[in-house]
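Since every read-out is calculated from the coordinates, none of them should be taken as a lab result. As the structure is a computational prediction, the values presented were derived from the model and not from experiment. Here the Cβ positions follow ideal geometry from the backbone for every residue, glycine too, while neighbour counts run over all protein chains shown.
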Amino acid sequence: MLRHSSSLVRNWSKCVLSQQSNVLGQRAYSSPKKNMDLLKELREKTGAPIGDIKKCLEASNWDLNLAFEALRKKGLATAAKKASRHAAEGLVGFRAAGNRVAVVEVNSETDFVARNDRFRALVGQVLDASLKLEPQGADGAVNMDQLLSSPSESGSDLKISDRCAEVAATVGENVRIRRAFVVQSDGVIGTYVHQSSAPEMGRIVSAVVLEADGAISDSSRLAIAEASANFAMHAAGMRPQYLNAADVPTDVVEKERSLLLAQTEGSGKPAAVVAKMVDGRLNKYYEEVCLVNQKYILDDTLTIDKAVKKVGKDAGAVGLKIAKFLRIQVGEGLEVVATKDFASEVAEMVGGSK
């Protein structure tokens, strides 16, 4: 969970105000219809609560620029408080450079804010910063402290943590970087984004790494790249938890075996028969949770393992295999809290004023 001190907010507030002073046009309206247009426009641009937007517009005599700055000041004053609030929406994204692919998840409190241009720009900056860091451990996770302290842009004094606080202040929600990974290989890395709401960003991102016994030739690379993207799409849709059976932790296998044995109690079958039944059902379990054992979504006559071997044979890449894969989904493992849309907030605000 990101936490930002008030001193941090003060350090970058002047810089941000100067950058954003010309974002909105100089407009002031007074008619009810135009006032509603302003409410909606400022809501779309900032993602701030509709009640706060209305108060700032009224206080600024419905001047869009003044209301925008007032909203930012209000957000800056409460940015640190927002860091403790629940955030399970947001975006996952990927970015490729050379033989590396960065994959990140950045959370917000509502999916409305996740569609905000400033939020998407933040995700892009987090991806760029992640690409410059070395992965830690077998899963390729990026050190979060290093990422947060990385420059948000080349030559900028603002860190990634500063940008998170800035966006949180602008949109009026808790914004945090939950996780980041770097996948690297001299083979081929296929990527896929599901429910894309912006280039390289969406609700699910998957990456699949294909490697051969030797270097993959340029003539083979194009066909293998296309196949790797399809395998990444499969991983996004079929939700494998492990690459192969060998990767399934022993305690997980034993727990599954115990459950399967319990299902055979009272069957009256000989122990040898029961053992074969359990092994057969355990193989079915592997077909569900292990990527290489799953039926290929584009050709269910093949497992992923056999599909990869076929690609390797056709492309002349000896020993082609999936070396690793990554799949992340927005908010997985987090409780999702219901949020209000623009129309609901307006209706609630009007009802409360009667």
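Per-structure values
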quantity: Net +/- balance of residues flanking Lys321 in space, Cβ distance below 13 Å, scoring K and R +1, D and E -1; calculated: +2
quantity: Whole-Å distance, taken between Cα centres, linking the stretch 160-174 and the stretch 91-143; calculated: 15 Å
quantity: Exceeding the 18 Å Cα-Cα cut-off - candidates Lys255/Lys284; Lys276/Lys321; Lys132/Lys159; Lys34/Lys55; Lys284/Lys309; calculated: Lys276/Lys321; Lys284/Lys309
quantity: Other-chain or far-sequence residues with amide H under 5 Å of Lys324's (modelled H); calculated: Val209
quantity: For the stretch 201-327, the fraction of alpha-carbon pairs in successive 10 Å shells from zero, as %; calculated: 12, 36, 27, 16, 7, 1
quantity: Per-residue HN-Hα couplings for the stretch 208-222 [Karplus 6.51, -1.76, 1.60; θ = phi - 60°; Hz; x = Gly/Pro]; calculated: 10, 9, 10, 9, 10, 5, x, 5, 7, 6, 4, 5, 8, 4, 4
quantity: For Gly172, distant residues with modelled amide H under 5 Å away; calculated: none
quantity: Other-chain or far-sequence residues with amide H under 5 Å of Lys159's (modelled H); calculated: Ser152
